[in-house]
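Here's the structure we're looking at; comments come further down.
The values are calculated or read from the model by the stated rules, or taken from the named source; none is laboratory data. Bear in mind that the values here come from a model prediction, so they are computed numbers and not experimental data. Please note: Cβ atoms are built from the backbone with ideal geometry, for glycine as well, and neighbour counts cover all protein chains shown.
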Amino acid sequence: MAERLEFREKLAGILALCASQNNITDKTTVEEYFAEDNLSKEQMKLVFDYLLSQKVIVKGYVKAGGSIKNAENTEEPIRYTQEEQDYLNLYEQDLKGLRDGDPLKELLPAILTMAKEMHRADIYIGDLVQEGNMGLMLAMEDHADDTEALLSMAKESMQALLESQEETKKQDNRMVEKVNDLDEQIKKLSDELGRKVSVDELEEFAGITEDEISDILKLAGEELPPEEK
């Protein structure tokens with residue numbers, strides 16, 4: 001886990017560097033940035049492809065298969081948005097350009113298949129694919145010749161993303177409930193008193209602190225009620 005977090009920081013670092021250069025870099029710069037990580041050729045391909053997916057121009061690097069043309073529309077489940085459908089068409093077309101003998105020729109399509117099987121409406125499928133590819137990239141450090149282990153770790157990365165998304169959704173729902181509950185209590189107390197309530201009155205009535213009230217109201221785009229003089 002520590003290695004994964006460290007590698008994520010490295011990816012964030014190279015993205016920040018590219019952003020400072022108008023999202024333009026070159027193959028040598030990227031290779032030198034990751035030199036101490038001793039990444040394999042396949043891992044570096046994934047790094048370059050990740051940068052391209054983030055709309056970074058990498059001079060000197062050409063994806064296998066050359067330039068990508070829009071693929072003809074193919075039938076896909078209705079559950080995909082148009083943006084996701086376009087992504088899948090382009091990505092699948094790109095995978096066709098992988099050369100025979102390239103280890104990624106088997107691995108990347110397998111990850112895409114898993115992503116489709118695990119996909120949910122509340123998460124962009126491109127994010128799921130990239131998370132799987134990142135898991136693959138990290139797994140290659142210790143399991144370069146074990147296809148089953150590589151795909152297993154890629155799947156674990158995608159599952160972790162889904163779980164994180166689910167937890168974020170739960171937290172958002174809990175916060176929405178808090179905002180709505182506080183709003184109802186403010187209205188109820190204001191109706192009872194026939195005026196705006198003070199922070200002290202709201203603290204006592206709601207049973208929460210001023211800081212908690214302030215945090216909840218900020219999320220709702222509101223301010224603390226003014227103190228009564």
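Restricting the first member to the stretch 91-103 and to residues that are assigned by TED's automatic domain parsing to the domain that holds H143, and the second to residues that are among the aromatic types (F, W, Y), no beta-carbon pair is closer than 9 Å while six or more apart or on different chains. Of the residues making up the stretch 1-25, those that are of a type outside the set (K, R) and surrounded by 14 or more Cβ atoms within 10 Å (Cβ to Cβ) number 8.
Can you name the residue in the stretch 47-70 that is farther than 13 Å from N133 by Cβ and hydroxyl-bearing (S, T, Y) and, of all such residues, is modelled with the highest pLDDT? Within the stretch 47-70, the match that is modelled with the highest pLDDT is Y61.
Does Y124 satisfy the condition of being among the aromatic types (F, W, Y) and within 15 Å of the chain's Cα centre (by Cα)? It is true that Y124 is among the aromatic types (F, W, Y) and within 15 Å of the chain's Cα centre (by Cα).
Scan the stretch 138-174 for residues that are over 12 Å from the mean Cα position of the chain (by Cα), of a type in the set (A, V, I, L, M, F, W, C) and closer than 24 Å to N89 by Cβ and the total you get is 2. Going through Y80, Y87 one at a time, which residue ends up being outside any helix (DSSP H, G or I) and modelled with pLDDT of 80 or more? That would be Y80, the only listed residue that is outside any helix (DSSP H, G or I) and modelled with pLDDT of 80 or more.
In the stretch 26-53, the residues that are assigned by TED's automatic domain parsing to the domain that holds L108 form Cβ pairs under 7 Å with partners that are surrounded by fewer than 14 Cβ atoms within 10 Å (Cβ to Cβ) and charged (D, E, K, R), at six or more places apart or across chains, as follows: D26/K59; K27/K59. Helices (runs of 4 or more DSSP H) fully within the stretch 110-223 that include at least 1 residues being at pLDDT 80 or above: 125-143, 147-193.
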